[in-house]
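The values are calculated or read from the model by the stated rules, or taken from the named source; none is laboratory data. Just so you know, these numbers come straight off a predicted model, no measurement behind them. Reconstructed Cβ throughout: ideal geometry from the backbone, glycine too, with neighbour counts over all protein chains shown. Heavy atoms of the whole protein, side chains included, go into the accessibility calculation; ligands, DNA and RNA do not. Shrake-Rupley method; radii C 1.70, N 1.55, O 1.52, S 1.80 Å.
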Amino acid sequence: GESVGLHLPTLSVQEGDNSIINCAYSNSASDYFIWYKQESGKGPQFIIDIRSNMDKRQGQRVTVLLNKTVKHLSLQIAATQPGDSAVYFCAENSNSGGGADGLTFGKGTHLIIQP
Amino acid sequence: EAQVTQNPRYLITVTGKKLTVTCSQNMNHEYMSWYRQDPGLGLRQIYYSMNVEVTDKGDVPEGYKVSRKEKRNFPLILESPSPNQTSLYFCASSFGQGYGYTFGSGTRLTIV
């Protein structure tokens, strides 16, 4: 079946630098995408989402970019802080394929912030 | 505060002893779901429910049961737990397909 994947399992960045976390998806029917942050010992936390009729969406210090041509999703975190250390994973939603209710999660990228 | 609450947070128990993990949400969400998270395997869906009295199997339902008698509650039942069910479990809820899930804080289950 189709699945959501991530390019890198671990990403190490200097505090203050910008971080870019990537996600590739293969289900062309996916129409909604979400980025989650999971800190150690906690449940996944919603960061930002984007629907397929958009190619960019901005939040506070975070930006999600969607490139439907190459089926690629990215999360940009500006001015990375120690509190940004976590596992980040993307999820896609479609009415065909994916998880039992249409939602498929990637396996995650561990973002490590170097002082 | 809008949240998904699951209990217990931690449980160590023995093989074969029935257990229930409770889950409750206060956001009037239609969808509820249970996931297990294992190293290297990510989040895998166990069961989900689209409404009261409607439940469906996810990707890894074997060894688990659920019920949805009320909109806010979605307990996960392990009738005869085995060591391969040792995992981190998350309950989640959402407004429906096309919306993201809100997750609980997790339940660390250890079956010995």
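Here are the numbers for the structure shown:
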item	result
Failed item in (1) within 14 Å of the chain's Cα centre (by Cα); (2) open to solvent by 60 Å² or more (accessible area, probe 1.4 Å); (3) touching a residue at least 12 places away in the same chain (Cβ under 8 Å), with B:Glu53 passing the rest	(1)
In the stretch A:61-81, the residues that are open to solvent by less than 20 Å² (accessible area, probe 1.4 Å) and assigned to a loop (DSSP other than H, G, I, E, B)	A:Thr80
Qualifying residue in the stretch B:70-87 (condition: at pLDDT below 95 and of a type outside the set (S, T, N, Q))	no
Leading residue by the ranking (nearest to B:Thr102 (Cα to Cα)) among those in the stretch B:58-80 that are within 12 Å of the chain's Cα centre (by Cα) and open to solvent by 20 Å² or more (accessible area, probe 1.4 Å)	B:Asn73
Residue match in the stretch B:6-23 (condition: within 19 Å of B:Gln97 (Cβ to Cβ), open to solvent by less than 70 Å² (accessible area, probe 1.4 Å), within 14 Å of another protein chain (Cβ to nearest Cβ) and touching a residue at least 40 places away in the same chain (Cβ under 8 Å))	no
Test: residue in the stretch B:40-48 that is of a type in the set (S, T, N, Q), away from chain A (no Cβ under 11 Å), closer than 18 Å to A:Phe89 by Cβ and open to solvent by less than 30 Å² (accessible area, probe 1.4 Å)	no
Residues that are open to solvent by 80 Å² or more (accessible area, probe 1.4 Å) and either polar (S, T, N, Q) or more than 14 Å from chain B (Cβ to nearest Cβ) (or both), drawn from the stretch A:21-60	A:Ser28, A:Ser40, A:Gln45, A:Asn53, A:Asp55, A:Lys56, A:Gln58, A:Gln60
Single condition A:Thr10 does not satisfy, out of (1) touching a strand residue (DSSP E or B) at 6+ places or on another chain (Cβ under 8 Å); (2) surrounded by 13 or more Cβ atoms within 10 Å (Cβ to Cβ); (3) modelled with pLDDT under 95; (4) more than 29 Å from B:Pro61 (Cα to Cα)	(2)
Meets criteria (surrounded by 14 or more Cβ atoms within 10 Å (Cβ to Cβ), touching a residue at least 40 places away in the same chain (Cβ under 8 Å) and among the small types (Gly, Ala, Ser)) for B:Ser33	yes
Selection from the stretch B:53-92 of residues that are in contact with a Leu (Cβ under 8 Å, 6 or more places away or on another chain) and among the aromatic types (Phe, Trp, Tyr)	B:Tyr64, B:Tyr89, B:Phe90
Counted residues, the stretch B:81-107 - those being more than 9 Å from every other protein chain (Cβ to nearest Cβ) and surrounded by 14 or more Cβ atoms within 10 Å (Cβ to Cβ)	9
